[in-house]
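Values in this text are rule-based calculations from the coordinates and carry no lab data. Just so we're clear, the structure is a prediction, and the values are computed from it rather than from any experiment. Neighbour counts are summed over all protein chains in view; Cβ atoms, including those assigned to glycine, are modelled from backbone coordinates with ideal geometry.
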Amino acid sequence: MAQVVGSVSSGAQQVPVPMSALRAFHPGWFGAVMGTAILGVAGFMNPGGIAALQPLARLVGIIFAILAYLLLVALGVPYVLRWVHHPDAAWKDLQHPILGGLYGTFPGGLIVLAVTTASVGPALLPADIVFALVASLAAVGVVLAFAISVVFAYILFITPGVNVENANGAWFIPPVVNIIIPMGLLPLLPRADPETARLLLVVSYAAWGIGFFLFLMVASLLYDRLVFHPLPAAPQAPSLWIGLGPIGVGGLALIRMAQSGASLWGDLGPAVNALSSIAALALWGFGVWWLAAAILLLRKYLRTSGLPFGIGWWAFTFPLGAYTVATLTLARVLKVGALEGAGLLLFLLLAGFWLVVTGRTLGGIRTGEAWKR
């Protein structure tokens, strides 16, 4: 039997990762951390705003936050070990036009877990520990998010043979992890001195700009690819849902940056809040279109070529979760009950996707299918 060098967790159960699997360890595994953590954030918000369900909502948020931390450790160990023991294989994946963008899930997982900790952590831990965890996760995640977005783009620029048919939804991951950066930094503002708070806000807006404009460029490439070329192969179908991530987080970050920077804007605070909410609502509307298009495309794949299981299935979770949290946030900022109801329906869809993807992933781990490319 192959030597065991790491493990992947299915909650309490530890499943060994053999040496051969470590070399082929998929760079998109951290999508499981992102998808699980965002479900915790959405659940903790009590979708639907039903007072009687508030205790259950808090419990759901706490459970999924803990599970996300377990996944962080269980997946982080083989992730790092692969770079130590098989740097050639890890570097080859980074240079791949489809797999390379998935490396963004690692910093993405760290930052989303920072956001989850800031949201759910106070219900479990002392404030000092929550702050330390958020600061640590955000610090590492921010640096890696920016670095991977630059390096992967540079690789695409200089690699011969990359063409429009290589464009895929995974290219949205480096942009979206930059858009998430503000969500990891903003919880640090209340404890920062005024100068540091201004710096964090500047970095937040700058990171949002990096991610959002990269998103627009990638979206135009993907639209061109979908209109003028055959649809991507079935294994890439889940990646088409990733576009919901930049849309959801993009609007959410605008609202949170406006709220967190209110004391820094002075008299302009109300105007900044209003404009940010309008922009977020416009993005949310684009998300309605994207979600409808993604559902129709998924239906087409299921009716024609089918949808073979792969780690890429985790793309069904975080993007939808980000859009769900954005919907609930807009509902409460704008005080629109219909949006609250929409957020509840999106949460139920998210929970359904998470259960299906988790079940298929656990089955894939048992059969070895999860280690295949």
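Taking the empirical scaling 2.2 N^0.38 Å for compact globular proteins as reference, the range 82-209 has a Cα radius of gyration ratio of 1.20. With only the Cα atoms considered, the chain has a convex hull volume of 141 Å³ per residue. In this calculation the C-beta distance from Thr159 to Val80 is compared with R0 = 25 Å, giving a FRET efficiency of 0.45.
Under the criterion of Cα pairs below 8 Å and six or more residues apart, the relative contact order for the chain equals 19 percent. Note on Leu264 and Val140: the model spin-label points, each 7 Å out from Cα along the C-beta direction, lie 2.6 nm apart.
Between helix 173-185 and the chain there is an angle of about 40 degrees, using the helix long axis and the longest principal axis of the Cα atoms.
Listed by Cβ neighbour count within 10 Å, with the fewest neighbours leading, Leu59, Leu346 appear as Leu59, Leu346. Straight-line cross-link reach from Lys92 at under 20 Å between alpha-carbon atoms covers these aspartates and glutamates, not counting any fewer than eight positions away in the same chain: Glu165. Among the trypsin sites (Lys or Arg not before Pro) found in the range 24-104, not one is both in a DSSP coil and sparsely packed, with 16 or fewer other Cβ atoms within 10 Å of its Cβ. With contributions of -39500 (n - 2.57) from each DSSP H run of at least four residues, the per-residue ellipticity at 222 nm computed over the chain stands at -24000 deg cm²/dmol.
Here the spin labels are modelled as points 7 Å beyond Cα on the Cα-Cβ line, and at Thr196 and Ala24 they lie 4.7 nm apart.
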